[in-house]
Structure formats: structure tokens, C-alpha cells
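The values are calculated or read from the model by the stated rules, or taken from the named source; none is laboratory data. As the structure is a computational prediction, the values presented were derived from the model and not from experiment. Every residue, glycine as well, gets a Cβ built from its backbone with ideal geometry; the counts of neighbours run over all protein chains shown. Just the protein is used for accessible areas: all its heavy atoms, side chains included, with ligands, DNA and RNA removed. Shrake-Rupley method; radii C 1.70, N 1.55, O 1.52, S 1.80 Å.
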Amino acid sequence: GTPTLLGRIPQVEDVVSDFDFEQFLFDPYDFMDMAEKIFFGLNHREEIIRRQMPLYLTMRERTWKEVAGEYTDMFRDVIAHSKK
């Protein structure tokens, strides 16, 4: 039941790409954008929770083993690419 505002970084954008979350993403290098998103969040708490619930229900099913496996796969890809 906690609304979430997220930094617009590649890792976050990959996870939320199937959801309409533009209003909840802030530029992590722009303090004014972050402040505007916080202000928006304070004034639209219930809407944010309602719209984010499908993502939350999906994400809560993930295990640490799955997440660690994704990181391991990514590191393997980076290492393989750097050897080329």
C-alpha cells in the first residue's frame, strides 16, 4: 500500500516498460523533476497505488534466486561481449 516513485534508469525502465508509469518516473539527475514527482505522489497516492498494483503483484512473485540469476546472466553477457 505504499506508492512508489522511481528513477528513470535502464533497469527500472526495463521492468516497467509494459506499464504506463511515465508519471511515476523521475530524472535522477534533475532535483526539480524529482521534487515535482514527489509533489505529484503526495497528491495522487490512491491513483498511484491502484495503477502500480499489477506490477507489484508480478514483482512479489520473484525470488532472490531469480534476481541473482538475471544478474549472473547479465555479467556473463558483458564478459562475453568484452572478449570479442
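Ordering L42, L55 by accessible surface, largest first, gives L42, L55; the 1.4 Å probe counts only protein heavy atoms, with every chain in place. May I ask for log10 I(q)/I(0) of segment 9-84 at q = 0.11, 0.15, 0.18 Å⁻¹, from a Debye sum over the Cα atoms as equal point scatterers with solvent left out? So the normalised log intensities work out to -0.43, -0.72, -0.90.
Under a 5 Å amide H cut-off, with hydrogens placed 1.01 Å from N, R8 pairs with F26, D27 among residues at least 5 apart or on other chains.
When each of the peptides 56-63, 27-34 is scored by how many other beta carbons lie within 10 Å of its residues on average, the order from highest to lowest is 27-34, 56-63.
In deg cm²/dmol, rounded to 500, what helix-only [θ] at 222 nm does the chain give when every DSSP H run of at least 4 residues adds -39500 (n - 2.57) and the total is split over its residues?
Values: 4 runs with 55 residues, N = 84.
After summing the helix terms and dividing by residue count, I get -21000 deg cm²/dmol.
Can you tally the net charge around K83? Count Lys and Arg as +1, Asp and Glu as -1, for every other residue whose Cβ sits under 13 Å from the Cβ of K83. After counting each charged neighbour, the total is +1.
Of the DSSP H helices in the chain, those with a Cα length along their own long axis of 27 Å or more and a mean Kyte-Doolittle hydropathy reaching -1.0 comprise 64-83.
Each part gets one Cα centre, and for segment 62-81 versus segment 1-60 those centres are 24 Å apart.
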